[in-house]
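Enquirer: Have a look at this one before I ask anything.
Every read-out reported here was derived from the displayed coordinates using simple, explicitly stated rules and does not represent laboratory data. What you are looking at is a predicted structure, and each value in this text was computed from that prediction instead of being measured. Every residue, glycine among them, receives a Cβ derived from its backbone with ideal geometry; neighbour counts consider all protein chains shown.
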Amino acid sequence: GEEVAQTPKHLVRGEGQKAKLYCAPIKGHSYVFWYQQVLKNEFKFLISFQNENVFDETGMPKERFSAKCLPNSPCSLEIQATKLEDSAVYFCASSRDRDGETQYFGPGTRLLVL
Amino acid sequence: GNSVTQMEGPVTLSEEAFLTINCTYTATGYPSLFWYVQYPGEGLQLLLKATKADDKGSNKGFEATYRKETTSFHLEKGSVQVSDSAVYFCALITQGGSEKLVFGKGTKLTVNP
């Protein structure tokens, strides 16, 4: 598609439950990025993919977060055993190539952990 | 490491006023620089970008010039409109690096009629 699509738009989970978020990048884009936007607008990089391969995972809290980008499927970000501090808006972005290429963002998934 | 510092605001202006939002950066390597805008309840939209020194990015009346000597990328608009009310983020990507965007903390702009 012409835009980055993210589902669901909103997600509510009780503490300890699993949350799974999905992202369909723009067709033809090779790179996918996940960012977390917390209170006061701060963005935190989580993970990036080059096609189905992890490109950079230095931002991922590995004990509870995992992500995949499989061929012919939306990319996914999964949080096992959510905590209150996971409440945030999760944005997916995609870019055609590397070396400073523009990243195009989806509308985000707002996760609320109660 | 790489970082972006931008004026925190909030900034409140009257319609048709001149806007400047300051942004400076620290980067290892040679970054590409971006301004993104986030309207209430929406995702990030690219506003403009510049990829090398002295480049000027422009869009919708907004401009920013990549100044390597002062490591700055200030956003300007000559005459703001109510519809420009949003949060503006300065960001960089270091070319040849991890490709992740490094964002400033955002500046909330409110334009009153």
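Enquirer: Find the strands (runs of 3 or more DSSP E) located wholly in region A:29-109 whose residues include 1 or more that are crowded, with 19+ Cβ neighbours inside 10 Å, and list them.
Expert: Where strands (runs of 3 or more DSSP E) fall fully within region A:29-109 and carry at least 1 residues being crowded, with 19+ Cβ neighbours inside 10 Å, they are A:31-37, A:43-50, A:65-68, A:75-79, A:88-95.
Enquirer: Limited to region B:85-95, what total is found for residues that are within 7 Å of chain A (Cβ to nearest Cβ) and within 12 Å of the chain's Cα centre (by Cα)?
Expert: Of the residues in region B:85-95, 1 are within 7 Å of chain A (Cβ to nearest Cβ) and within 12 Å of the chain's Cα centre (by Cα).
Enquirer: Something else now. Among the residues of region B:56-87, how many are within 17 Å of residue B:3 (Cβ to Cβ) and aromatic (Phe, Trp, Tyr)?
Expert: 2
Enquirer: Could you list, in sequence order, all residues of region B:96-113 that are small (Gly, Ala, Ser) and more than 8 Å from every other protein chain (Cβ to nearest Cβ)?
Expert: B:97, B:104
Enquirer: Then there's this: Given the options B:25, B:30, B:66, B:39, name the one that is closer than 25 Å to residue A:50 by Cα and not polar (S, T, N, Q).
Expert: B:30 is the lone residue from the list that is closer than 25 Å to residue A:50 by Cα and not polar (S, T, N, Q).
Enquirer: What is the one condition in (1) more than 23 Å from residue A:98 (Cα to Cα); (2) among the acidic types (Asp, Glu); (3) more than 8 Å from chain A (Cβ to nearest Cβ) that residue B:42 does not satisfy?
Expert: Residue B:42 satisfies every listed condition except (3).
Enquirer: Is it true that some residue in region B:12-35 is within 11 Å of chain A (Cβ to nearest Cβ) and polar (S, T, N, Q)?
Expert: Yes, that holds for at least one residue.
Enquirer: Then there's this: Of the residues A:104, A:90, which single one is under 13 Å from residue A:21 (Cβ atoms) and either among the acidic types (Asp, Glu) or within 14 Å of chain B (Cβ to nearest Cβ) (or both)?
Expert: A:90
Enquirer: Please list, ordered by first then second residue, the pairs with beta carbon atoms under 6 Å, 6 or more apart or interchain, first in region A:53-77 and farther than 16 Å from residue A:93 by Cα and away from chain B (no Cβ under 14 Å), second aliphatic (A, V, I, L, M) and assigned to a strand (DSSP E or B).
Expert: Short answer, once both residue conditions are applied: A:64/A:79; A:65/A:79.
Enquirer: So in region B:64-91, with the set limited to residues that are under 14 Å from residue B:48 (Cα atoms) and among the charged types (D, E, K, R), which one is surrounded by the fewest Cβ atoms within 10 Å (Cβ to Cβ)?
Expert: Per the criteria, the residue is B:76.
Enquirer: I've got another one for you. Go over the candidates A:82, A:109 one by one and state the one that is more than 25 Å from residue B:1 (Cβ to Cβ), β-branched (Val, Ile, Thr) and more than 14 Å from chain B (Cβ to nearest Cβ).
Expert: A:82
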